[in-house]
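The structure under discussion appears below in the form of structure tokens.
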Amino acid sequence: MIEFKAIESASNFLDPRQGFSQSTVNFQVRFDPLTGRTCHFSHFGALKAQRLDLPGYERPEVKGFCPFCGDKRDKATPKFMPDIIPEGRRTRGEACLIPNLFPYDIHSGVVIMTDDHVVGLSRFSNDRLTDSFLLGLDFLQRIHSLDPALPYHLMTWNYMPPSGGGLVHPHQQYFATRFPGNQFMDELSGSERFFNASRKNYWHALIETEISGNTRYIGKVGQTHWIAPFVSMGLLGEVMCIFPDVFSVRDFKEGHVHDLVSGLGRVFRFYEAEGIFSFNASLSFGPEGQGHFNSFFRIVPRTFLNTRDFAPDLNFFQAVLSEPICIVLPEDLCEDIRPYFK
Ligand SMILES: [Zn+2]
């Protein structure tokens, strides 16, 4: 049984906006049903994503030096060791795979996704997304064969400056590691615990539960299930795509990429309508030979709180308390995004 536990509470104060009469403001603390980690839901509707000046990023004084732009790429980006990628770099359509100049682990690749330096969400065509994912996943599968001692595989993606991305030129990171982060490890061990206790796969049970609950289930695209998770990693909510038949990177086939790209395009249409210009995303894979920890893709919007002093949307909660805080209830997010999945 998956338990969705939330504590609803409120804070009272005398409100200067209403002649110092009493105001009651509700908040929630939710417990992640898999990991037990908490998340605060408050400040409902208090913030809006900020518009970014996309053409402004092309201005020379803002752009500076971009190693991913065509004329610089050949001289300024590294090449793989011959035993990893004999030809040094690999391309597919506009996508170009290079090693990360600032590697996260032993095998750390970057996919430059486009020729263009600035690409708004509407210009991530299916081809651009598909080529990028296929190129990156092919790299992950290659290093999985070359170095099976690294059990976990990740795609990570910072898109536009609010996300922490150092370059606006679209790119994704692909790497294998023994240390995929605390969240990943908590989810992996939670999945194993759930399986040992119930002999059931948590992710399959979650899909069933969310379909029947029908308040956070966004839709099905091909073989993939899209939900707004009960606990959100992002301030403006989270969308998750679960691959019920994928456990390790070995299981991920071209059809999965097509489902992912199709669903992601719908998320992007929703983001455009909501004025969301930036996000973080990940696609994660557990070790080979297990059947309890599924692959999933997760995306959270990012924004500056304002474009006057560019306050970031992460604060003491995430930085020193390691606690997500979210201003959108997943059930509301689900209702808003569902029409895009019809
Ligand atoms: Zn560029």
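The values are calculated or read from the model by the stated rules, or taken from the named source; none is laboratory data. Predicted model, so just to flag it, every value in this text is computed and none were measured. No Cβ is skipped: glycine too gets one built from the backbone with ideal geometry, and neighbour counts run over all protein chains shown.
Observations, loosely collected:
- Only one of the listed residues (270, 230) is surrounded by 20 or more Cβ atoms within 10 Å (Cβ to Cβ), outside any helix (DSSP H, G or I) and either assigned by TED's automatic domain parsing to the domain that holds residue 92 or out of contact with any Lys or Arg (no Cβ under 8 Å at 6 or more places or on another chain) (or both). That residue is 230.
- Selection status of residue 144, within 13 Å of the ligand (Cβ to nearest atom) and either more than 24 Å from residue 283 (Cβ to Cβ) or in the same structural domain as residue 174 (by TED's automatic domain parsing) (or both): no
- Listed conditions (1) basic (Lys, Arg); (2) part of a loop (DSSP other than H, G, I, E, B); (3) within 16 Å of the ligand (Cβ to nearest atom) are all met by residue 75, apart from (2).
- Within region 125-146, the set of residues being surrounded by 18 or more Cβ atoms within 10 Å (Cβ to Cβ) and small (Gly, Ala, Ser) comprises 132, 136.
- Residue list for region 273-293, restricted to those being of a type in the set (Gly, Ala, Ser) and in contact with a strand residue (DSSP E or B) (Cβ under 8 Å, 6 or more places away or on another chain): 278, 281, 282, 284, 286
- Matching option when the condition is away from the ligand (no atom under 16 Å from the Cβ), under 26 Å from the mean Cα position of the chain (by Cα) and over 30 Å from residue 176 (Cβ atoms), among 102, 41: 41
- Breaking point among (1) outside the structural domain of residue 186 (by TED's automatic domain parsing); (2) within 15 Å of the ligand (Cβ to nearest atom), for residue 50: (2)
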